[in-house]
Amino acid sequence: MKVLVTGGAGYIGSVVTSQLVKAGDSVVVLDNLYQGHRAAVHPEAHFIEGDLADKGLLDRLMAQHQPEAIMHFASHTLVGESVEKPFLYLGDNVQNGLNLLQAAVDHGVQRFILSSTANLFDDPESMPISEKERIVPGSPYGESKFILERLLYWMDRIYGLRYAALRYFNACGAASPDLGEDHDPETHLIPLVLQVALGQREKIVIFGDDYGTSDGTCIRDYIHVLDLAQAHILALRALAQGSRTYNLGNGRGFSVKEVVETARQVTGHPIPAEIGPRRPGDPDILIAGSESIKRDLGWRPQYPDLVEIIDSAWQWHQKHPLGYSDK
Ligand code: UDP
């Protein structure tokens, strides 16, 4: 299949691009390289540097490449930033998604995969969190993804655009020692902990130990980026049978302290940790219920083990201590 991947130079987009190429699909990547890295894009993918705000570019790209499917990763993705700069999220994220949908409809694209988020569930009533859980976006970031999910619902009803909205919990790990996570600034727990092990940071600050969990630190569902990629590919192939929305996680939670302790085991580094204040907006526990995608598509996480997840990330960080900028 010919697939347009927006944000295909970013962390998850680049891994999905690489898996699509390996599966024999033909991939066009559109990325403005604001967060993404040119070196992360698989060499067999056709790369276009450009922005979703540029409607003319989108129109030309669609006419020239005529993708059969779109996977949409390009987005501002930071919860904290979205509270400080809501218009970047409720404005740009939404408008760029609309531009892409307009181009998709204008050019007859019938399949669309949206990278969505667990930030739709700020106040869950049950755990693990299934797709039946009520939507309470935790931030303008989560709201922007929810708006895109709703837009897709209408595009399906009106134009027959088949979509899958995939709500990730905590994406982590590296697809290989050469394809991993490189954010600037880095805000995610696992890469930050590994930067301590590399000697790039003095310590990790644990954001609060007074949560309602067994060790007092927040519990999250860490899912290997290769398992996420596999879910995208299965969902893409299944769209002919109709649109769908899935929550995607390991189904197991680990506390911040457990992540730090596991990273100590994997790296052999003492990784000094200190307790700091809570980070605003962090719920106690977020664990995905992924029964729907298991039942419908036979998806199973292949890398559910936290040691394996952190080890894959550690191999990437050791080989590329400065991320993609060392290339
Ligand atoms: N966290 C932490 N210290 C850090 C970064 C993150 O204690 O320096 C915690 C954070 O409060 C959350 C968990 O680690 O409970 C995972 O955070 P991350 O930012 O990686 O992902 P999020 O859950 O926000 O998507």
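Structural remarks
- The single condition among (1) assigned to a loop (DSSP other than H, G, I, E, B); (2) at pLDDT 95 or above that residue 163 does not meet is (1).
- Boolean, residue 49 is of a type in the set (Asp, Glu) and either touching a strand residue (DSSP E or B) at 6+ places or on another chain (Cβ under 6 Å) or under 22 Å from residue 171 (Cα atoms) (or both): no
- Selection status of residue 144, polar (S, T, N, Q), over 23 Å from residue 305 (Cβ atoms) and part of a loop (DSSP other than H, G, I, E, B): no
- Listed by first and then second residue, the pairs with beta-carbon distance under 7 Å, at least 6 apart or on different chains, first residue in region 192-220 and without any contact (Cβ under 8 Å) to a residue 60 or more places away in the chain, second exposed (fewer than 14 other Cβ atoms within 10 Å of the Cβ), are 216/210.
- With respect to the conditions (1) under 29 Å from residue 76 (Cβ atoms); (2) within 13 Å of the ligand (Cβ to nearest atom); (3) of a type in the set (Asp, Glu), residue 215 falls short on a single one, namely (1).
- Test: residue 173 is within 15 Å of the ligand (Cβ to nearest atom), at negative phi and either surrounded by 21 or more Cβ atoms within 10 Å (Cβ to Cβ) or among the hydroxyl-bearing types (Ser, Thr, Tyr) (or both): no
- The C-beta contact set for region 101-119 (first residue more than 21 Å from residue 246 (Cα to Cα), second residue in a strand (DSSP E or B) and not polar (S, T, N, Q), distance under 6 angstrom, 6+ apart or interchain) comprises 104/70; 109/70.
- Of residues in region 176-188 being within 12 Å of the ligand (Cβ to nearest atom) and touching a residue at least 40 places away in the same chain (Cβ under 8 Å), the one nearest to the chain's Cα centre (by Cα): 181
- Hits in region 189-207 - residues which are out of contact with any strand residue (DSSP E or B) (no Cβ under 7 Å at 6 or more places or on another chain) and within 7 Å of the ligand (Cβ to nearest atom): 189
- Residue among 53, 39, 74 that is away from the ligand (no atom under 16 Å from the Cβ), surrounded by fewer than 23 Cβ atoms within 10 Å (Cβ to Cβ) and touching a residue at least 60 places away in the same chain (Cβ under 8 Å): 39
- Whichever residue in region 235-266 is over 25 Å from residue 16 (Cα atoms) and away from the ligand (no atom under 16 Å from the Cβ) and, among such residues, is surrounded by the fewest Cβ atoms within 10 Å (Cβ to Cβ): 265
- Just one of the listed residues (285, 310) is within 23 Å of residue 15 (Cα to Cα) and either in contact with a strand residue (DSSP E or B) (Cβ under 9 Å, 6 or more places away or on another chain) or within 12 Å of the ligand (Cβ to nearest atom) (or both), and it is 310.
- Qualifying positions in region 273-282 - near the ligand (Cβ under 9 Å from one of its atoms) and under 29 Å from residue 166 (Cβ atoms): 278, 279, 281, 282
- Filter result for residue 133 (under 26 Å from residue 245 (Cα atoms) and either in contact with a strand residue (DSSP E or B) (Cβ under 7 Å, 6 or more places away or on another chain) or within 10 Å of the ligand (Cβ to nearest atom) (or both)): yes
The values are calculated or read from the model by the stated rules, or taken from the named source; none is laboratory data. Keep in mind the model is a prediction, meaning the values are calculated, not measured. When we count neighbours, we look across all protein chains shown, and the Cβ atoms used for this are built from the backbone with ideal geometry, even at glycine.
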